[in-house]
Amino acid sequence: MLTCLCDAFYGEVGIATVEVLQRIGCRVEFPAEQTCCGQPPFNAGDWAASRAVAERCRTVFELDDPASVVVTPSSSCAAMLREGYAMLFPDWTLRAQVFEFGEFLVRHRGIVEWPGRLRREEPIRAVYHRACHGRGLHLGDLHERLLGTVEGIEWVGLPQAEQCCGFGGAFSATHPKVSTGIGMEKLAQVATTGAEMLVSGDMGCLMHLKGLLSRQHSPIEVRHFAQVLAEAQ
Amino acid sequence: MSVPKVEAFARALRGEVVTSVRTASAAKVASRVSTLGEAFDDIESARTEAARIKDEVLDRLRDLLLEFEARATARRIQVHWASDAAEANRVVLEICRRVAEPGAIVAKAKSMATEEIGLNSALEGAGFRPIETDLGEYVVQIDGDHPSHIVTPIIHKNRVDVARSFVREGLGPYTEDPAELTMQARAKLRDVFRQASVGVSGANFLIAETGRIVLVENEGNNRFSTTAPRVHIAVAGIEKLLPSERELPLFLKLLAGSATGQRLTTYVHLISGPREANDPDGPEEVHVIFLDNGRTRVLEGRYREILRCIRCGACLNVCPVYRQVSGHAYRHVYSGPIGAVLAPALEGIDAIGDLAKASTLCGACEEVCPVKIPIPRMLLELRDEAARAGLGKRDIPWKRFATLAGSELLWRAGLTLLPIARKLPSALGREWAQKREMPMREGRSFREWWRERS
Amino acid sequence: MAVQKPVVDGDWELLRIRLESLGAELRTIESLEEIRGRRAIWDTRLADLAIDLGLIAAGVWDAEVGLSIAEFAIGETGSVVLAAGPESARLGSLAPPLNVVFVRRLVATLEDAFALGMPAATTVIVTGPSRTADIEGILVRGVHGPGAVWVVREP
Ligand code: SF4
């Protein structure tokens, strides 16, 4: 599952995800009829609109079929399918196996090391921002652990890591002052680490933080988890 | 698009307030983690167990309340029932009128339940002088302010604010030293404890099996207020019960650790009733007023688990939105994530349901909650409920979005238009773009890449 | 919940460490010379000691020192458990700036304390000096209750 944001803006993240999956020997399908999982209207409280979108998603990804394995480079979309749908459709059970991308690599495929080196001249100092939707999925620090095995990156801990980036989907538009305030806090914490690269597993967070960074003309590079793995050869 | 209230509040907030709130909150988050880590071998199972016990209490609430009433009555504690704020206030006033002179001082220990029912104004209206004795609550009271945090009421004020208020009230010479300010308050409130005829507190736990009232605090004002005056009245929500004292260690440690990062609060007061004949001191009467005020309705609805809450405030401390807007933005005695659910659950979503939208749904609150209340899920349900009730303006035409997402063709067309749409002037876009660059397509399109390679 | 036999024989060294980190102290009986001649209020069971120390009997509100007897102490939390009764004023352990608490028994944990049984009378578990952090989160001791708590192990 590509996700709306990668469909609209960040195709490279989708490409990186597919490349990584293929590198570990997965056969990847991309149902072109896919659109959205229905999370935006769900979060906004318009569950009727969300159900319509979600029902389509159920069909496209054959979520009733235990043999389907759905992988998405976004904890927020994975959480929607696993938790949100349970609220939208109390009488329905998810049969397919749905994974957030990092979760799939580590928990499903048992990959604990990523042999490869970032193609840079100098090791780069980086921080990882844990996307909030990973909480409900109990992802913990699995992304950081896997990334920690990639050569050419010096990982530094992000203080107050439990704090959200402030995006929150439509929240960022309805509550811009609060949303940017939270985002600036996050960036202030990033700044204390001296990191040159900010990595996360969710393009929602990264889009938001990227927007704030570019307004500040910050040189900090923003990368998705999948892009780092894809780049490491 | 009209500006949501929480957002409007954030825009008007002074920078120092955000700094005060942020610094104090971050410190509490850090100490919570280290203390709970030491206090419990496995904090996860401790939280699960606490949630289970609270659920059991909610399931058996009626029986436990009656059991408490029987046991407490046997201890000469007088139990009263109040279905709403007005009734609770009336019971307090009746007791005050019976035992105290007009104009008498009522010593108030910190209590969210009495904030909830607006007891101070009821007492003042009847000619009594309620005085808050918790340092923070005292400052709030003399400033005519409201608490902005359920545990640390003046998290929004700094020492200069307190210093100015104390000089104004004649507590002593101007000082910005927190220790000296505290001693000024100590001296002032000593007289209150000596003179008060009635002391009013809340209750942290009420033990069904033993009929005891359990109060926790750090300052000692609670012990004074419940010990020195002739009469002690505890106002408590009906959900405050625990089956027995065996559950107390778990809850006391979770509460202290979650609230203030302590292993145990300085004082845990187990009140067994009025003084015995030969006791040198202690109150002659002890009353418990059980407050419903919408709780039985909540108990039967979809926000039932919110009644597990032990008011530790951990969800406020960790909440990124709370840190940006402070407690007053929630416009209710219960602020932060707990308030965003409890306030509309108690008062109705038409009154204050907008709070549910003032959240990124990051889930930090649920992660720290000692009784594992699924706050984000409840915020979503509140949003759904508000939408179905036709409340609140639709910010975004989701029906149209659903049509778009209902067809691959329309969806792809929409996606192609998006990078253009961001140039169009829209209210939403303008808000977004004030501080951020709008996103643009970066690099290749996935769909084109996929099509080309297959 | 698994029921375990309460550990009634706690570790006094741990109690000392906990008390110190709270800003309280584990004291010897000899060190009470420091309070000789002060205005004090005491548990009536401590009358002999009070006379030995030349303490001057004072009321709750005027005493400089309150002398109390704890049912037991709790090592894990650095607490003492005080029960109300005819021998001692409840405010005697609260109003004076210094509270000296005599204790003979030490249990290991809070769970042990409750398993052993809390006194039936009104009881307070005291964990260190009175404190507040209401102003800018800065810790101040002795806000309403005693700013100093001394725990004395009774032989
Ligand atoms: S909801 Fe949970 S975290 Fe928040 S105050 Fe209540 S018990 Fe504490």
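Side notes on the structure shown:
- Integer Hz, Karplus 6.51/-1.76/1.60 couplings in order for the stretch B:24-40, x for Gly and Pro: 5, 5, 4, 5, 5, 4, 5, 6, 4, 4, 5, 5, 5, x, 7, 6, 10
- 0 to 90° range, to nearest 10: angle between helix B:375-388 axis and chain B longest Cα axis: 70
- Taking 0.36 nm per residue of separation and subtracting the current Cα-Cα distance, fully stretching the chain between residue B:59 and residue B:14 would add 11.8 nm.
- Unsatisfied cross-links (Cα-Cα over 27 Å) in the set A:177/B:54; B:28/B:240; A:186/B:157; B:5/B:54: A:177/B:54; B:5/B:54
- DSSP bridge pairs, the protein assembly as shown: antiparallel proportion in percent, nearest 5: 25
- Pairwise centroid distance, computed over Cα atoms, of the stretch B:306-365 with the stretch A:6-76, Å: 32
- Antiparallel bridges, percent of DSSP beta bridges restricted to the stretch B:62-293 (to nearest 5): 25
- Chain A: relative contact order in percent, alpha carbon pairs under 8 Å with at least 6 residues between: 21
- Its relative contact order, with pairs defined as Cα atoms under 8 Å and 6+ residues apart, puts the stretch C:12-153 at 28 percent.
- Over chain B, dividing the summed -39,500 (n - 2.57) contributions of all DSSP H runs of at least 4 residues by the number of residues returns a 222 nm mean residue ellipticity of -15500 deg cm²/dmol.
- Residue-wise HN-Hα coupling along the stretch B:129-146, computed from phi with Karplus coefficients 6.51, -1.76, 1.60 (Hz; x: Gly, Pro): 10, x, 10, 6, 10, 6, 3, x, 5, 4, 4, 4, 5, 5, 8, x, 9, 10
- C-alpha center-to-center spacing [the stretch B:1-64, the stretch B:213-285] in angstrom: 22
- Residue among A:163, A:190, A:211 farthest towards the positive dipole end of the stretch A:144-216, charges placed on Cβ: A:211
- Residue with peak Gaussian network fluctuation, chain A [Cα springs, cutoff 10 Å], from A:48, A:161, A:131: A:48
- The Cα center of the stretch A:156-171 and the Cα center of the stretch C:112-155 differ in position by 38 Å.
- Peptide B:29-35, shielding by other chains (average Cβ, 10 Å cutoff): 1
- Amide H contacts of residue C:42 (H built 1.01 Å from N, under 5 Å, at least 5 apart or other chain): C:67
- Peptide B:373-381 - average C-beta neighbours from other chains (10 Å radius): 3
- Residues considered: C:30, C:111, C:76. Largest GNM mean-square fluctuation over chain C, using C-alpha springs under 10 Å, is found at C:30.
- The alpha carbons of the stretch A:4-108 give a radius of gyration and a Dmax of 13.5, 40 Å, in that order.
- Dividing the helix sum by the residues of chain C, where each DSSP H run of 4 or more adds -39500 (n - 2.57), gives a mean residue ellipticity at 222 nm of -4000 deg cm²/dmol.
- Structure-based [θ]222 nm, chain A - -39500 (n - 2.57) summed over DSSP H runs of at least 4, per residue, nearest 500: -11500 deg cm²/dmol
- With Cα atoms, 0 to 90° folded angle of helix B:61-74 axis to chain B main axis: 20
- For chain A, the dipole from Cβ point charges (+1 on Lys and Arg, -1 on Asp and Glu) about the Cα centre works out to 240 debye, to the nearest 20.
- For the stretch B:312-328, the Karplus equation 6.51 cos²θ - 1.76 cosθ + 1.60, evaluated at θ = phi - 60°, returns couplings of 7, x, 4, 5, 5, 4, 8, 6, x, 6, 3, 4, 7, 10, 6, x, 5 Hz by residue, with Gly and Pro reported as x.
- Rounded to 5, percent antiparallel among DSSP beta bridges of the stretch B:180-303: 40
- With the simple model of a label 7 Å out from the Cα in the direction of the Cβ, residue A:221 to residue C:64 spans 7.0 nm.
- Computed over the stretch A:124-231: relative contact order in percent, which uses C-alpha pairs under 8 Å that are six or more apart: 33
Here, each number is a calculation from the coordinates, and none is a lab measurement. The structure presented is a predicted model; accordingly, all values stated were derived computationally and were not measured. Note that each Cβ is placed from the backbone with ideal geometry, even for glycine, and that neighbours are counted across all protein chains shown.
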